[in-house]
1. Every residue in segment 294-310 that is touching a residue at least 24 places away in the same chain (Cβ under 8 Å) and either open to solvent by 10 Å² or more (accessible area, probe 1.4 Å) or more than 15 Å from ligand 1 (Cβ to nearest atom) (or both), please.
2. Would you say VAL149 is closer than 24 Å to GLY190 by Cβ and of a type in the set (Val, Ile, Thr)?
3. I'm trying to understand the selection: among the residues of segment 425-451, which are among the small types (Gly, Ala, Ser) and farther than 28 Å from GLY312 by Cα?
4. Please work out which residue is nearest to ligand 1 (Cβ to nearest atom), limiting yourself to segment 188-235 and to residues that are among the β-branched types (Val, Ile, Thr), outside any helix (DSSP H, G or I) and crowded, with 24+ Cβ neighbours inside 10 Å.
5. I need the strands (runs of 3 or more DSSP E) fully contained in segment 412-487, keeping only those with at least 2 residues that are of a type in the set (Gly, Ala, Ser) and either more than 16 Å from ligand 2 (Cβ to nearest atom) or at pLDDT 95 or above (or both).
6. When the residues of segment 236-252 are filtered to those that are within 16 Å of ligand 2 (Cβ to nearest atom) and over 19 Å from LEU95 (Cα atoms), which remaining residue is surrounded by the most Cβ atoms within 10 Å (Cβ to Cβ)?
7. ALA15 - would you say it is open to solvent by 20 Å² or more (accessible area, probe 1.4 Å), in the same structural domain as GLN119 (by TED's automatic domain parsing) and over 30 Å from LYS587 (Cα atoms)?
8. Of all residues being in a loop (DSSP other than H, G, I, E, B) and open to solvent by 10 Å² or more (accessible area, probe 1.4 Å) in segment 271-283, which is farthest from ligand 1 (Cβ to nearest atom)? Just the residue, please.
Amino acid sequence: MNDTMKILEQALTDANFRKLLAIPNRRVHNFVAEAIQLCEPMKVFICNDSKMDTEYIRRTAIARGEETPLANPYHTVHFDGFHDQARDKESTVYLVPEGDSLGEQLTQMNRDKGLEIVQKRLKGSMDNKKMVVRFFCLGPLDSHFSVPVVQITDSFYVAHSEDLLYRRGYDYFRRLPDDKEIFWMLHSSGKLMHSVSTDWKKRGVMIDYKDNSVYSMNTQYAGNTIGLKKLALRLAIRKANREGWLAEHMFLMAVHGPSGRKTYFTGAYPSGCGKTSTSMVRGNTIVGDDLAYLRIMDGKVRAVNVERGIFGIIRSVTQKDDPVIWDLLHSNQPAIFSNVLITEDEGVRWLDDGSELPESGTNFSGEWFPGKVDRNGEEIPYANKNARYTIGLEGLANLDPALEDPRGVEVGGIIYGGRDRDTWVPVQESLDWNHGVITMGASLESETTAATLGPSGVRKFQPFSNLDFISIPLGKYIQNHLDFVKTADQVPPIFAVNYFLRDENDNFITDKLDKTVWLKWMELRAHGEVGAIETPTGYIPFYEDLKELFRCHLDKDYTSEEYDTQFTVRVPELLEKIGRIEKTYSKTVNDTPLLLFDLLDEQRSRLLQAQKELGDCILPSSFV
Ligand code: SPV
Ligand code: MN
């Protein structure tokens, strides 16, 4: 018997050994054996996705105090540590082999050095704990898009969350070809006190792309721990680049057009900028809210949802604005809430949920009361701004039937959107694919939000809403986008949206629900059914078309004054933006495609020409 088998036989009970060995892939056996040797768990649980096994995971998450049950028997609450309630960008590091470099925009360290840290931090990390081994599939099962993933964790909360968010893959692994590429995820929460990681100062996510492995240590927040989510996205971006497809931080939804027509859109918005709420807009259907894979098949761009659930921001979810999510969160569908307030009657509350302020409860800081302050004297809110809900999509009333289609759906349009107070109009269409990739995707900027640690509200470069996850030199990633459609017969239009435009008094000048109309307009544009006004930065809507759509879909009288304010082309801001983007690429990105500078330069010339003729703030009608 070889070493791997010896380790497994010793560490696993007979039943667990049999469950693992039913998967014939030796690489799987080796990965589990190595993790056992490193993390030294007291016990190992191999999950075969049976009802008994998945129930065991949920029950154990509760029994160990990682989740607290609520009055609704299908609901639980999980608290991350006080300092651990958002993605930690600074401690997320690519391990780069000698001689390789990912460019200045990405955080990286020498691979050997990084692996030494991993070994040190994970050594004995599961002492006295149980290791869970799970098997999943990214994208629909048995599809051209499928990517199998092994997840090892000592957090039953992580294993439980993944059960709601991803496609179970134990049986899929049993029939995998031996040489199929697999992603490997190893997570340990490390030492715990009251179910919270105590060594959060030594937390980290290390991405060993050479071996398709990711290590997550001393952290619990799902964005840092759930291997299938952003950790796998980083590996998928590399795989996609090698193979000529796209792995993106995008929702996937069907916008319903006239006469029952459905047109599928993907949309890339940075975290906390309306991605989930857009994919949920009333009158349409959702395939996914966060991650999409896009491939060319039979000459068309097709896409799938990588996931099958939502890990969504709960702040501001209200009955009025988000009825579908609201109803699901008040139903008997399973849900895990994180970093919310547990009320005395075992319900939950979150910020801006449309009710009176609560007077007491339990939150991430323990017993909570109004006016409670932290060590620095800062008031502790009753729930975290980045508090979340975890649900499966199957309970949603607006779920699109294409979710599990192994061929995915045909993409009719692609949207980029950021949190931008002063530059972009609410919706516009690019002049063509390259123009969209460069001036919208690669030029995206957005103000930071509570989804990542650090200050909020700071304008940051956020290309493709994917900068936090891009794992290859940025220039290469852009070139892959430019090349992606070269073999396509039909190229979807690219759009940019901005829900966060403000006036000179800092007031928002669009309403939360206006995105309903922008989506319907883009759907019509994708079929060439409405005209548009050509401006220096792209095509914008005609007033009459929007007026009709506002009346029809929001029962609102949309005035020409509103239109003029929202769609005024702000030339100085647009010129400044080009300057910032050019500088970022020329100073910090080595391998920027030259086309980027050419297209930005052309855009600048068009803007300067318009400025000369029409001034700084140009009404849409001036371009007609
Ligand atoms: C995001 O922050 O973009 C999310 C949640 O979708 S996380 O899992 O933290 O990435
Ligand atoms: Mn996301």
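1. Initial filter on segment 294-310 (touching a residue at least 24 places away in the same chain (Cβ under 8 Å)): 294-297, 299-310.
Those that are touching a residue at least 24 places away in the same chain (Cβ under 8 Å) and either open to solvent by 10 Å² or more (accessible area, probe 1.4 Å) or more than 15 Å from ligand 1 (Cβ to nearest atom) (or both): LEU294, ARG295, ILE296, MET297, GLY299, LYS300, VAL301, ARG302, ALA303, VAL304, ARG308.
2. Working: closer than 24 Å to GLY190 by Cβ: yes; of a type in the set (Val, Ile, Thr): yes.
Yes.
3. Step one: of segment 425-451, the residues among the small types (Gly, Ala, Ser) are 430, 436, 441-443, 446, 450-451.
Residue satisfying the conditions is SER430 alone.
4. From segment 188-235, those among the β-branched types (Val, Ile, Thr) are 196, 198, 205, 207, 214, 219, 225-226; that's our starting set.
Now restrict to residues that are outside any helix (DSSP H, G or I): 196, 198, 205, 207, 214, 219, 226.
Now drop any that are not crowded, with 24+ Cβ neighbours inside 10 Å, which leaves 205, 207, 214, 219, 226.
Working: VAL205: 11, ILE207: 14, VAL214: 13, THR219: 11, ILE226: 6 Å.
Result: ILE226.
5. Numbers: elements: 427-429, 445-447, 459-461.
Those strands (runs of 3 or more DSSP E) do not exist here; none qualify.
6. Step one: of segment 236-252, the residues within 16 Å of ligand 2 (Cβ to nearest atom) are 236-237, 246-252.
Pick out the ones that are also over 19 Å from LEU95 (Cα atoms) and you get 246-252.
Values: LEU246: 24, ALA247: 29, GLU248: 28, HIS249: 25, MET250: 31, PHE251: 27, LEU252: 29.
Ranking the candidates gives MET250 first.
7. Details: open to solvent by 20 Å² or more (accessible area, probe 1.4 Å): yes; in the same structural domain as GLN119 (by TED's automatic domain parsing): yes; over 30 Å from LYS587 (Cα atoms): yes.
Answer is yes for this residue.
8. From segment 271-283, those in a loop (DSSP other than H, G, I, E, B) are 271-274, 280-283; that's our starting set.
Pick out the ones that are also open to solvent by 10 Å² or more (accessible area, probe 1.4 Å) and you get 271-272, 274, 280-283.
Values: SER271: 3, GLY272: 7, GLY274: 12, MET280: 14, VAL281: 18, ARG282: 22, GLY283: 24 Å.
Looking at the filtered set, the residue picked out is GLY283.
The values are calculated or read from the model by the stated rules, or taken from the named source; none is laboratory data. Only a predicted model underlies this, so the values are computations on that prediction, with no experimental measurement involved. Here Cβ is always computed from backbone atoms with ideal geometry, including for glycine, and neighbour counts include all displayed protein chains. Areas reflect the complete protein model, heavy atoms only, side chains present, ligands, DNA and RNA absent. Shrake-Rupley method; radii C 1.70, N 1.55, O 1.52, S 1.80 Å.
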